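Chemist: One structure follows; several queries about it will come next.
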Amino acid sequence: MLNRTNDSQVRIEPWAEADLSLLYQMNAPEMLEHLGGPETEEQIIARHKRYVEIGGKGNGRMFSIVLLPELVAVGNIGYWERVWQEETVYEIGWGVLPTFQGRGIASQATAAAVASARAEQKARHIHAFPSVDNPASNAICRKLGFTFITECSFEYPPGSFMRCNDWRLDLTASS
């Protein structure tokens, strides 16, 4: 049985050039099972560049998830602007390396990222779109108070459609 972490053991840090190695670690079949599979070298480099630059563009943020006190990067989380149902919202997504899953790390990192998005006071809603076949990510949405909206078809990666659950959280409501 895995030990659960407590809130003081996880921190999110702005995505940096040094996080490229984490992106390579996360490019594994078991990590991308619900997201279309591993990416090519060019796709990884392009993703890393987007992650590094997004904070400066003012349309979202990407973070590495750091386990304390070890200071080990164990995943990533971020949110970005998108238009959904004729509203500009934030979309949020996350991933934790397999050896660190099941410890509450993703829940804590998601709560921290939601707090960051809430503090920006830019978007009213943040949505998560986990695959209908991803019970762990759907459970995080429930645990953090997201409201289930509907099952929907979502194009990701481009050219490939998947069935997702649309979860929404009101960022203007008290946390």
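Chemist: Considering only residues of the stretch 122-175 that are exposed (fewer than 14 other Cβ atoms within 10 Å of the Cβ) and of a type in the set (Lys, Arg), which is farthest from ILE92 (Cα to Cα)?
Modeler: ARG163
Chemist: List every residue pair whose Cβ atoms lie under 6 Å apart, where the two residues are 6 or more positions apart in sequence or sit on different chains, the first residue falls within the stretch 82-106 and is touching a residue at least 12 places away in the same chain (Cβ under 8 Å), and the second residue, located anywhere, is part of a strand (DSSP E or B) and among the basic types (Lys, Arg).
Modeler: Listed pairs, sorted by first residue: GLU91/ARG82.
Chemist: Restricting attention to the stretch 35-72, which residues are touching a residue at least 60 places away in the same chain (Cβ under 8 Å) and over 19 Å from GLU91 (Cβ atoms)?
Modeler: LEU67, LEU68, PRO69
Chemist: In this structure, does VAL72 turn out to be under 21 Å from ARG168 (Cβ atoms), of a type outside the set (S, T, N, Q) and surrounded by fewer than 16 Cβ atoms within 10 Å (Cβ to Cβ)?
Modeler: Here the answer is no, as VAL72 does not meet what is asked.
Chemist: Looking only at the stretch 35-69, filter to residues that are buried (at least 16 other Cβ atoms within 10 Å of the Cβ) and of a type in the set (D, E, K, R); which one of those is farthest from ALA18 (Cα to Cα)?
Modeler: Selected residue: GLU39.
Chemist: Do you know which of the residues in the stretch 70-88 that are under 16 Å from the mean Cα position of the chain (by Cα) and either under 15 Å from LEU22 (Cα atoms) or of a type in the set (Lys, Arg) (or both) is modelled with the lowest pLDDT?
Modeler: ARG82
Chemist: Restricted to the stretch 82-108, and to residues that are farther than 13 Å from ASN138 by Cα and among the hydroxyl-bearing types (Ser, Thr, Tyr), which residue is surrounded by the most Cβ atoms within 10 Å (Cβ to Cβ)?
Modeler: The extreme case among them is TYR90.
The values are calculated or read from the model by the stated rules, or taken from the named source; none is laboratory data. A quick note: this is a predicted structure, and the numbers were derived from the prediction, not measured. All Cβ positions, glycine included, derive from the backbone under ideal geometry; neighbour counts span all protein chains shown.
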